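Student: Shown below is the structure under consideration.
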Amino acid sequence: MEKLEALLHYFHVTCKPAVAGMAPMTLARMQANVSVSAADALFLCKTGENVCAALQEATVEYDKQVREFAASRNPPVEVPEADHKWIEFSAVAEKETKAKAKAKAKASGKAKLSHSPILPKVIAYDESGMPLSSQEVKVSTPRSNVPAVAAIPWREWMSSAAAQDLDMAAADMAAVTLVLRSLHCKGRLEDQPIEVSLDLQSGLKAVKVTKDIEEGRLEIPPCAPKSGKIWATSVHPFRVAIRVRDGGDAQQPQRVYYVHPEYKLPEDVTPEETAAVAAKTLVWEWKGDETLHPFWAIKRLSRDALQQLLHKNRAARMSAEFNMEYVERDFNVVTVGQITGDSTSITLTVSVPMLTNTSALQAGDEVLAEVAAKNKCAKRKDTDWKDDRRSAEIAKAKAAKTSAEIAKAKAKAANSLAIQEV
């Protein structure tokens, strides 16, 4: 049972990042098949057989399905390793491939004895559910009045919603990536009246305005040029939602995608003697993997966190109120072309949230954005079937003890009453 539990934990929990974005029905079907196949393999495993090998052989096709889906994502996602070293499907898959090749070679070498279709053989079970040594055989009656050539309904498939939406998410993510790239390359963020600094003691970054500016002067977009990753789902506390809709109509349904923070400083290689002479000057070593967009350097705090930070940094010039909020800007991504004289143009509208100042700021003011406070969830201990059984036994023992105490109290009360009557 522990081996079965470990294998199911691998498919249902460990592989979650690899199957994120899989169609809900496909994911539910695969996980249900994994559970049933693994349970059957354990039930039918005979004494002396290798339980680990039996479980892996029964579920290797679903591991292959997980890996194929993870490899098809853009960019491809790596399947996490299992917590238990024995869960390794590569050897099982190789063994299965060799067995199939050997069976195919053996079948091709035999003469075809009959033109009759080969029927599947189904294992027969007795009334108690145990497999019999014999097999159930069903005779298939050839279909009559069936044409030799059948037309494939590809036109119906092309016009169906399922076919039209096959690459919708990929197209949306490509449009989001193109818009973010245009903001990264053509957004002229270097002209914004801001400066970014790093507190060498606390490691906190700060974004401050360099001159007096009026309300709404700043427009700082989110950019993720290093990873280029667009997420279909996200639980990151600082994720930024980007909306995509068809055409320029604001009433069209919107699909939501996310970008995550990315910020990496160049390496500080300042010699000690240089730091001693010029404390405000650092020597940076650039390696080409830096990403320094000011959007991700802006402090994002809850109201309680802001008050705590103000209390610790009384001498610093910080605003006691949040002065930045998100405002969405629309960008159109258009493909223009034709095929056989018909237009193939598609327009996608991408709504990107920008951080802008909600009030006039003075030179030296730090910009601050508000985020919701984290919910404090009570920690709970992960349990398994053994813990549940132990809890049930303890509850049963307590109930029996309580019943015994009640019976004892009743007997004592009855005896007391009998003495008084005498």
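Student: So if I check each of A411, A397, which one is modelled with pLDDT of 85 or more, in a helix (DSSP H, G or I) and more than 29 Å from the chain's Cα centre (by Cα)?
Tutor: Step by step, each of A411, A397 is checked, and only A397 is modelled with pLDDT of 85 or more, in a helix (DSSP H, G or I) and more than 29 Å from the chain's Cα centre (by Cα).
Student: Continuing with the same structure: Please go through (1) more than 20 Å from the chain's Cα centre (by Cα); (2) modelled with pLDDT of 85 or more; (3) surrounded by fewer than 16 Cβ atoms within 10 Å (Cβ to Cβ) for T59 and return the number of the only condition it doesn't satisfy.
Tutor: Every listed condition holds for T59 apart from (3).
Student: Now for a different question. Take G216 and decide whether it is assigned to a loop (DSSP other than H, G, I, E, B), surrounded by 12 or more Cβ atoms within 10 Å (Cβ to Cβ) and modelled with pLDDT under 95.
Tutor: Judged against the criteria, G216 is a match.
Table: residues versus (1) exposed (fewer than 11 other Cβ atoms within 10 Å of the Cβ); (2) within 30 Å of V235 (Cβ to Cβ); (3) at pLDDT below 80; (4) of a type outside the set (G, A, S).
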| residue | (1), (2), (3), (4) |
| --- | --- |
| K3 | no, no, no, yes |
| Y10 | no, yes, no, yes |
| M22 | no, yes, no, yes |
| G48 | yes, no, yes, no |
| T97 | yes, no, yes, yes |
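Student: Another question, then. Tell me, yes or no, whether the stretch 264-274 has at least one residue that is of a type outside the set (S, T, N, Q) and within 15 Å of I298 (Cα to Cα).
Tutor: Yes - at least one qualifying residue is present in the stretch 264-274.
Student: OK, next. Output the number of the condition that P225 fails; it satisfies all remaining conditions of (1) part of a loop (DSSP other than H, G, I, E, B); (2) surrounded by 15 or more Cβ atoms within 10 Å (Cβ to Cβ); (3) under 24 Å from the mean Cα position of the chain (by Cα).
Tutor: Unmet condition: (2).
Student: Return yes or no: is V196 assigned to a helix (DSSP H, G or I), touching a strand residue (DSSP E or B) at 6+ places or on another chain (Cβ under 8 Å), under 23 Å from E262 (Cα atoms) and not assigned by TED's automatic domain parsing to the domain that holds A23?
Tutor: No; evaluated as a whole, the condition is false for this residue.
Student: For the stretch 269-292, which positions are surrounded by 12 or more Cβ atoms within 10 Å (Cβ to Cβ), modelled with pLDDT of 85 or more and out of contact with any Asp or Glu (no Cβ under 8 Å at 6 or more places or on another chain)?
Tutor: Scanning the stretch 269-292 gives E290, L292.
Student: Between S37, S90, S72, which is within 22 Å of the chain's Cα centre (by Cα) and free of Cβ contacts under 8 Å to residues at least 40 places away in the same chain?
Tutor: S72
The values are calculated or read from the model by the stated rules, or taken from the named source; none is laboratory data. Here the structure is a predicted model, which means the values were calculated and not measured. Note: ideal-geometry Cβ built from the backbone for every residue, glycine included; neighbour counts use all protein chains shown.
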